[in-house]
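Have a look at the structure below, then the notes.
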Amino acid sequence: MTLKVFFNERNEIAALLERVIEPSLLNVYQTDLPKVMIVAAASSFEKEVLRHIEEFYKETTRHESAATFVMKKGLHRQYHQLFGWNDNNVNVFTNYFGPDCTKNFKQQLNILEWLEVSMRDFLQLGRQRNELVHGDFATHSLSLTPSEVQAKYESACRFVSCIPQIIRVGTIEALPLEEGSSSPASVAYPGAK
């Protein structure tokens, strides 16, 4: 199941609760739904970012054992240290790939207006995921509605789709949007399988 389907199904449940006039259940559902959506989105991003890094190492090393080592020892349970979640930039991440990567990404930010918004939405969802998972999930209060979380997820997808170009110190192409959406259409990148 894709997250788009996951989000749509949850929105249908909310609409059903509204139709059957269950305001108290709808209120509880609408309070908890953004939390679940954030954790789901951040988990999806973790999987995708790590997949992009693994593909990069498989592509750039002659020995698959090196890529396996990076994933099993270097990145296993280390994802949340790849980013400065409280920062408004991804310098921690790009610095792991060297000064040229950081410099190139900053140049790309100056060229592509949407990239900074997308990056900040990615960081915000990751930060809020950490607060939810490492804090008290049940009582944690969010100011985002389900539709705002979904919009931030769709925006952040654009950043995650650019990870292959970012770590290869490449040019980030303006990603086409799916019709009626703020998320990118499927994008093929160099070295992607």
| remark: Exactly one of Asn95, Asn8 is modelled with pLDDT under 90, surrounded by fewer than 17 Cβ atoms within 10 Å (Cβ to Cβ), in a helix (DSSP H, G or I) and not hydroxyl-bearing (Ser, Thr, Tyr), and that one is Asn8
| When only residues in region 57-84 that are over 21 Å from Phe122 (Cβ atoms), in a helix (DSSP H, G or I) and of a type in the set (Ser, Thr, Tyr) count, which is least open to solvent (accessible area, probe 1.4 Å)? | Thr68
| message | Being among the aliphatic types (A, V, I, L, M) and without any contact (Cβ under 8 Å) to a residue 12 or more places away in the chain is the filter here; which residues of region 13-55 pass it? | response | Ala15, Leu16, Val20, Ile21, Leu25, Val28
| task | Please work out if Asn110 is open to solvent by 50 Å² or more (accessible area, probe 1.4 Å) and touching a helix residue (DSSP H, G or I) at 6+ places or on another chain (Cβ under 6 Å). | result | no
| query | Counting only residues that are closer than 24 Å to Gln107 by Cβ and either open to solvent by less than 30 Å² (accessible area, probe 1.4 Å) or modelled with pLDDT of 90 or more (or both), how many does region 143-182 have? | reply | 19
| field | From Asn95, Asn110, residue being touching a Cys at 6+ places or on another chain (Cβ under 9 Å), without any contact (Cβ under 8 Å) to a residue 24 or more places away in the chain and within 20 Å of Ile163 (Cβ to Cβ) | value | Asn95
| said: Taking the conditions exactly as written (under 15 Å from Glu48 (Cα atoms), assigned to a helix (DSSP H, G or I) and of a type in the set (Asp, Glu)), does Glu154 satisfy them or not? | reply: yes
| request: Could you identify the single residue in Leu142, Leu132, Leu115 that is touching a His at 6+ places or on another chain (Cβ under 7 Å), touching a residue at least 24 places away in the same chain (Cβ under 8 Å) and either over 18 Å from Lys47 (Cα atoms) or part of a loop (DSSP other than H, G, I, E, B) (or both)? | output: Leu132
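The values are calculated or read from the model by the stated rules, or taken from the named source; none is laboratory data. Fair warning: this is a prediction, and the values are worked out from it, not measured in the lab. Methodologically, a virtual Cβ is constructed for each residue, glycine included, from the backbone with ideal geometry; neighbour enumeration extends over all protein chains shown. Accessible surface is based on the protein model in full, side chains and every heavy atom, while ligands, DNA and RNA are left aside. Shrake-Rupley method; radii C 1.70, N 1.55, O 1.52, S 1.80 Å.
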